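Worksheet: one structure, shown below.
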Amino acid sequence: MRNNIYLSPYRNYRTLYTKDNLEQKIQIIIEETDLLITLTSQIKADLITTLIKNKVQEIRNVIKFWIQLVPEIQHSLEPIAIPKNAPNYIEIMCESAKYAYVGPFAAIAGTIAQIVCCFIHEYLKNNQLPDDVIVENGGDIYLYSKKERIIGIMPNPQENCMLGLKINPSDMPLSICSSSAKIGHSLSFGKGDLALIIAKNASLADALATSYCNQLQKKEDISLLLEKAKKDNLIKILDNPYNNSTESSGLMGIFLQIDENIGAWGNIELTIIH
């Protein structure tokens, strides 16, 4: 049993976001799904809230239906065969889990974040509205933006965020997903404070974050896992399966922390948050 696990259900880190009068934040909570969506203030919040609620409920209903058919989707801690005739995002969750060697549900939060973000982005673009959008689902993020963004790295929610990731517009859209053995209720077999993954595909990012966190047992593991990351960079999986993209990319960047020891590899630009 690990000690000092932070189990608070309150997402206090959300209050640390930089306030921007040109943007608005919308929170959508449906059952276990808790989204914080960032949009320009020009968008009518009531309309977009209704659209998002309907989309999230649709996603959850499909996933719950398939869990009834194939319970291993939720309960397996190892990859499973892709169920026959499964919808696109169930297939992508299973495929991502295979690469990361975790259960499909390890990819659920990132998957939902990407589906919702792509859905909103397409709606805004089709209606000729400002289409910058960020969707955060319990710390897993998918974002489209035409401007530079700083994403805070917070291995300890009880302390101020001092380190951040600088994300350039040319790299987006992309996903940033995290896993921790010391924050929240999610099952982890590791001992690390944080395993953070950057990838184009949020299902893959979420699954790999769980996998790397499981393997992070001591500070000496950091260098070994960074070497492993170079191989995972070669994973080929649809970048944006929810938008029918044909591009492919594996892991783009990784940040690991255990106690006061950190390591990073790939397309990672760290910055100090003042």
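Restricting to the stretch 135-156, name every residue that is surrounded by 19 or more Cβ atoms within 10 Å (Cβ to Cβ) and either among the hydroxyl-bearing types (Ser, Thr, Tyr) or farther than 20 Å from Arg60 by Cα (or both). So that I can check it myself, show each step before the final result.
Initial filter on the stretch 135-156 (surrounded by 19 or more Cβ atoms within 10 Å (Cβ to Cβ)): 135-144, 149, 151, 153-155.
Those that are surrounded by 19 or more Cβ atoms within 10 Å (Cβ to Cβ) and either among the hydroxyl-bearing types (Ser, Thr, Tyr) or farther than 20 Å from Arg60 by Cα (or both): Tyr142, Leu143, Tyr144, Arg149, Ile151, Ile153, Met154, Pro155.
Report yes if some residue within the stretch 55-74 is open to solvent by 40 Å² or more (accessible area, probe 1.4 Å), under 26 Å from Ile235 (Cα atoms) and within 20 Å of the chain's Cα centre (by Cα); otherwise report no.
The answer is yes, given that some residue of the stretch 55-74 is open to solvent by 40 Å² or more (accessible area, probe 1.4 Å), under 26 Å from Ile235 (Cα atoms) and within 20 Å of the chain's Cα centre (by Cα).
Of the conditions (1) at pLDDT below 95; (2) within 30 Å of Gln215 (Cα to Cα), Lys44 satisfies every one except a single condition; which number is it?
(2) is the only condition that Lys44 fails.
Which condition number does Ile176 fail, the rest of (1) assigned to a loop (DSSP other than H, G, I, E, B); (2) modelled with pLDDT of 95 or more being met?
The failed condition is (1).
(1) touching a residue at least 60 places away in the same chain (Cβ under 8 Å); (2) more than 19 Å from Asp34 (Cα to Cα); (3) open to solvent by 10 Å² or more (accessible area, probe 1.4 Å): which one isn't true of Ile82, the others all being true?
(1)
Can you spot a residue in the stretch 215-223 that is modelled with pLDDT of 90 or more, under 22 Å from Leu165 (Cα atoms) and polar (S, T, N, Q)?
Yes: one or more hits.
Just the residues that are open to solvent by less than 20 Å² (accessible area, probe 1.4 Å) and not β-branched (Val, Ile, Thr), please, taken from the stretch 87-109. If you could, list the steps in order and put the result at the bottom.
Residues of the stretch 87-109 open to solvent by less than 20 Å² (accessible area, probe 1.4 Å): 90, 92-94, 96-97, 100, 102-104, 107.
Matches in the stretch 87-109: Met93, Cys94, Ser96, Ala97, Ala100, Gly103, Pro104, Ala107.
The values are calculated or read from the model by the stated rules, or taken from the named source; none is laboratory data. This is a predicted model, so every value here is computed, not measured. As a convention, Cβ positions derive from the backbone with ideal geometry for all residues, glycine included, and neighbour counts pool all protein chains shown. The accessibility values were calculated without ligands, DNA or RNA, using every heavy atom of the protein model including side chains. Shrake-Rupley method; radii C 1.70, N 1.55, O 1.52, S 1.80 Å.
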